[in-house]
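The values are calculated or read from the model by the stated rules, or taken from the named source; none is laboratory data. All of these numbers come straight from a predicted model, not from anything done at the bench. Cβ placement follows ideal geometry from the backbone for every residue including glycine, while neighbour counts extend to all protein chains displayed. With ligands, DNA and RNA removed, areas are computed over all heavy atoms of the protein, side chains included. Shrake-Rupley method; radii C 1.70, N 1.55, O 1.52, S 1.80 Å.
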Amino acid sequence: MSVNTGHGLPFLPGNTFRDVTKSAFHRPQTLSYKNGYALPCRPKVGIGQTPLLSNELTQSEINELSNQVSALTYGNTHHHSPVRDFVPAHVAYDKKVLRFYGYFQEDVQHSPQEEYRVRAVVIHYFLEDDTMSISEPVVENSGIPQGKLIMRQRLPKNDGGDHYHWKDLNVAMDLVAYRVIYHITHCDSYTQEFMESQGLILNDPDPTPVDPYIHHRTQPERSHISPSEFDRLQQFLTKDRKVLRFFALWDDSSSLYGESRPVTIQYYLADDSVEIREVHEPNSGRDPFPVLLRRQKLAKTIKLDCESFPRCVLELSPQEVHQYYLPKDFLVGGTLELMGRRFLLYDCDEFTKTYYQKNHPELELKPKPLVVKTTPLQDFQKEVPPYNGFGSLDDSLQNCLSLIPEPPKKNVLKMLENEHKVLRYAARMDSQNPLDEGRRFVLSYFLSNDMISIYEPSTRNSGIIGGKFLEKTRIPKPGSTVDHPEFYGPADFAIGATVEVFRHRFVLTDADHYVLKYLESTSDQIPSHTMRSLRQRLGVADQGEADQGEADQGVDHGVVDQGLETLTNPKPDDIDGADPSS
């Protein structure tokens, strides 16, 4: 039985104890480096084992062994240089990559435009582990999946299991990888320097062929001519929105059923372009296409060696035109031929006349505007049918203006300014019927839309149900016609005045203080007698002036009511014919 020599105890279960004198608890080293490689350490000599003993060598013997050389039968003896430390490849060539550029041709099937396609590639060779990768630079809008073609790996060189090495690579050679032939054209400066330092001579670089389809699609460079001294930007900035307008007759008498048609010729000074528009008369029977010639520059003379055929189809380029039409070519009173059509210029507008007087005064001696007999247009006045009685006048008028009637337009600004502004008046009914005696009303005038509503307060024991007497509506004055209607306004509402509302007569007896305040703010639009009656009734003026005003207007104090408060809350004594016992 073995005995634990450290503690004097047998090696039995439960008899093992930790070393209390141990102070280092780190994990033992299991790897060591030899010649740059990580190798497992040799197991330590265990307890009870003795290492192999060897005789120690003296320093002289060590030096003799290191300098000992083998005997040679011929030649001179060479002294070897001291051995250098070994450095592995993954350390010496870490992050060192050789880069080559090349291409490969890809056949294109079933395409009438191209037979093959040239695709450029970049070949990277990693020196640390002799792996290679091939990628294709991304070309915008190519339509081909590009990027990494071959991932990083050791490429097979032949069927014998050999792989490509950097010594096998060179410029102007073919690299076969997975049955694809990559032709190396050139390399970068670092690769060239590395290969030459290893004693390899690089071939001359080869040019990369051009893809015929890409070359076909490439637009040729524009041929530029010497710039003109004329500043077109200055012309646009100074003459934009300035147009010369001429009135002309298109002489189309040579064609079948031909006639002279009135047209307008517009010359735009900003870019020297011309536009011709027909003048269509109402009910002429012609199609509503007024543009006879769209806006464009018109050629006046063409170079002899650039005559195009046929002229009606082919458009002229600026290199073929010798001269364009200018403002001095448009003379009032003369005949002008534009695009094979003859036009007689007989007049122009005021702006055109001013332009010619300022910029071309020499043209004043030319014929003056001609007098052309034209059929005057008949002015047909629309007749509005009579009012049918349905809705308001504005609603009925909209039915006559369009096939699909639209609501009448409102004065939005007036509605926003006078929103919730109401003028209130007290009134009594002027009727021959004795049952209407004592009926009191509140007349409200809405300033936002000039409408009037009438309300009758409830009166006890009157036998008449109070409430809304008239909805909000515009009330026409007596004698107004449908063609020229006149409606009641604040200027017509004087105290004591009679207002006729759809065959009902009302006499105004009182008003709010807000009415006087509002009318004083617009006193220039209100008659003086209306303002005077309101001041007298509301007690703003002197009593003598108030009595004189009432006498002038014939106001009966027995008829005038005591105010809007009395109408709103009437007393039994104020009601005519009321039973005192009730």
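Take ARG341: with every protein chain present and a 1.4 Å probe, its accessible area is about 100 Å². Which residues in the stretch 493-522 place their backbone N less than 19 Å from a point set 7 Å from the Cα of LEU435 along the Cα-to-Cβ direction? Hits in the stretch 493-522 for LEU435 at 19 Å: 503-506.
Under a model in which nothing but the beta-carbon of Lys, Arg (+1) and Asp, Glu (-1) is charged, the stretch 482-531 shows a dipole of about 160 debye around its Cα centre.
Using a probe of 1.4 Å on the protein chains alone, the accessible area found for SER223 is around 110 Å². Computed extension gain for ASP130 through ILE150, at 0.36 nm per residue and net of the alpha carbon distance, reaches 5.7 nm. With a cut-off of 18 Å on the backbone N, the residues of the stretch 222-252 near the modelled label site 7 Å out from LEU363 along Cα-Cβ are 239-249. Summing Cβ point charges (Lys, Arg +1; Asp, Glu -1) relative to the Cα centre of the stretch 250-289 gives a dipole of roughly 140 debye. Pairs spanning more than 22 Å between alpha-carbon atoms, out of LYS242/LYS297; LYS421/LYS472; LYS382/LYS472; LYS242/LYS328; LYS328/LYS358; LYS409/LYS517: LYS382/LYS472; LYS409/LYS517.
So the label point goes 7 Å from the Cα of TYR455 along Cα→C-beta, right? Which residues of the stretch 510-536 then have their backbone N under 17 Å from it? Those under the cut-off are 510-515. The largest accessible area among ASP510, ASP305 belongs to the first residue in ASP305, ASP510, and the rest follow in falling order (1.4 Å probe, all chains). Model label points for SER523 and ASN399, set 7 angstrom from Cα along the Cα-to-Cβ axis, are 4.7 nm apart. Once you have a ≥ b ≥ c as the square roots of the Cα gyration tensor eigenvalues for the stretch 426-482, tell me rounded if a/c is under 1.5, and otherwise prolate or oblate according to whether a/b is larger than b/c. Note, shape of the stretch 426-482 comes out oblate.
Which shape class, rounded, prolate or oblate, goes with the stretch 90-212 when its Cα gyration tensor gives a ≥ b ≥ c as root eigenvalues, a/c under 1.5 marks rounded, and past that a/b bigger than b/c marks prolate? The shape class here is prolate.
Protein-only accessible surface at a 1.4 angstrom probe places the residues ILE265, ILE181 in the order ILE181, ILE265, largest first.
Accessible surface for the stretch 152-205, divided over its residues, is 64 Å² per residue with a 1.4 Å probe.
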